[in-house]
């Protein structure tokens, strides 16, 4: 059944989780699709349809129980447990990623950091000793991380991604600006700020004078 | 007409641009929706449908002219011109963004950098003098940037976003992990690596043993 759910639906679930988490912290017990949609720029009908893939949540006209819906979404997304990640690329971007405070509270922990640059190897960054990319395969046997983060330049990204896949990584967060290839059983998501910018310029291209 | 096009379609166009740019560099003249879809994990029918919003491209069974389709997509997305951006937040992440080589080749130029931290103010980072957030409104009258990048901690992000909006910014790239509010005429895209991770764990949560 899971295979029939469109990927765009899965992509929206973490956004619902984020909004519901805020509501839960505010002590809210119930929210309806109207209000949730208003917060997220999604139609209420879309929210109801997205959730309908996973069974019945909430009663007609009564809204959703915030705590219960949040728990269900955590289960669905597989984020009730902790996930281990390895980072490849400890340049400026890689250091920002290692220092990023948003991963740990959500259960994502960077357990290994690798780089090609022998100057960086051996250095401690945010409590982790940077290791050489050459020892990635053997280190991975101990770390057993299922997630990889790629923060290397475009030119070496595909090679690094191949190494991660061969080492057993099943999902990759790719910061390198390339359209990478992975086998069908491996997931990849690109963090490409240019793609986000280009999809916004569509909307503003005719507004106001060019600077 | 533009308003009727689903946002998910607009979000895919930059991905097509990226793939077509690679094909153009390889000297390819023509590509069909089958091959393009194969490269991107999108069905050929989806590609044809997405492009059909903008008129007729390519002839039945002949594929798309790579150069012409690329030019059309550049026009549609408004990326034939250069765009100016201001960055707020010159911490570790902000510095990685300033040093990121992927913006300029795509026509996105950071023309101003601002921070609350008085220690950072006055420093030169990647050729830009960091200015105090207090002077953002007056600086913006000269810079006339339509795009803003937010790389400040979550706690101050909404306030910074409000300042950018008041200063005339029409599109915001938000790296802070908050669900920010903007007026209806302002676009915002979140760069949130956790959302990307959470949408991948859905697919791998039952594969293999937990680490």
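Every read-out reported here was derived from the displayed coordinates using simple, explicitly stated rules and does not represent laboratory data. All values derive from a computational prediction rather than experimental measurement. Note that each Cβ is placed from the backbone with ideal geometry, even for glycine, and that neighbours are counted across all protein chains shown.
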- Message: I want the antiparallel fraction of DSSP beta bridges within the stretch A:134-211, as a percent rounded to 5.
- Response: 0 percent
- Evaluate peptide B:185-194: per residue, the Cβ atoms of other protein chains within 10 Å of its Cβ; return the mean as an integer. 6
- Item | Pair residue A:181, residue A:53: separation of 7 Å Cα→Cβ label points (nm) | 2.8 nm
- Message: Can you compute the FRET efficiency between residue A:29 and residue A:5 using 1/(1 + (r/R0)^6), with r the Cβ-Cβ distance and R0 = 35 Å? Round to the nearest 0.05.
- Response: 0.80
- Query: How far apart are the residue A:126 label points across copies, placing each 7 Å from Cα toward Cβ, in nm, shortest first?
  - Reply: 1.8
- Here D for chain A, in µm²/s, from Stokes-Einstein with a Kirkwood Rh over Cα pairs at 37 °C and 0.692 mPa s, works out to 168 µm²/s
- Per-residue ellipticity at 222 nm for chain A, helices alone: DSSP H runs ≥ 4 residues times -39500 (n - 2.57), over residue total, nearest 500 deg cm²/dmol? -13000 deg cm²/dmol
- Residue of B with Cβ nearest the axis relating B to A, plus distance in whole Å? B:96, 2
- Task: Using 0.36 nm per residue of separation minus the Cα-Cα distance, give me the extension gain between residue A:45 and residue A:135 in nm, one decimal.
- Result: 27.4 nm
- Note on the structure: Label points for residue A:206 built 7 Å along Cα→Cβ; distances to same position in the other copies, nm, shortest first, come to 4.7
- Query: How much length, in nm to one decimal, is gained on full extension between residue A:126 and residue A:109, taken as 0.36 nm per residue of separation minus their Cα-Cα distance?
  - Reply: 4.9 nm
- Item | Share antiparallel - DSSP beta bridges, chain A, percent rounded to 5 | 20 percent
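Once you keep just the Cα pairs under 8 angstrom separated by 6 or more residues, what percentage relative contact order results for the stretch A:2-77?
Here the relative contact order equals 38 percent.
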- Task: Run a plain Debye calculation on the stretch A:1-79 (Cα atoms as equal point scatterers, no solvent) and give log10 I(q)/I(0) at q = 0.11, 0.25 Å⁻¹, rounded to two decimals, same order as the q list.
- Result: -0.24, -1.41
- For the protein assembly as shown, what is the largest minus smallest coordinate of the Cα atoms on each principal axis, given in angstrom and ordered from greatest to least? 55, 54, 52
- Task: Taking each label point as 7 Å beyond Cα in the direction of the beta carbon, state the distances from residue A:153 to the same residue in the other copies, shortest first, in nm.
- Result: 3.4
- Sorted by Cβ density within 10 Å, fewest first, the residues A:192, B:11, B:185: B:185, B:11, A:192
- Relative contact order of chain B, pairs being alpha-carbon contacts under 8 Å that are 6 or more residues apart, as %: 13 percent
- So how far apart, in nm, are the two label points at residue B:84 and residue B:162 if each is 7 Å from Cα heading toward Cβ? 2.6 nm
- With the contact rule set at Cα under 8 Å and sequence spacing of 6 or more, what percent relative contact order holds for the stretch A:110-211? 18 percent
- Query: How big is the gap, in Å, between the Cα center of the stretch B:88-132 and the Cα center of the stretch A:30-57?
  - Reply: 38 Å
- Message: Quick check: the distance between the Cα centres of the stretch A:183-199 and the stretch B:159-211, to the nearest angstrom?
- Response: 14 Å
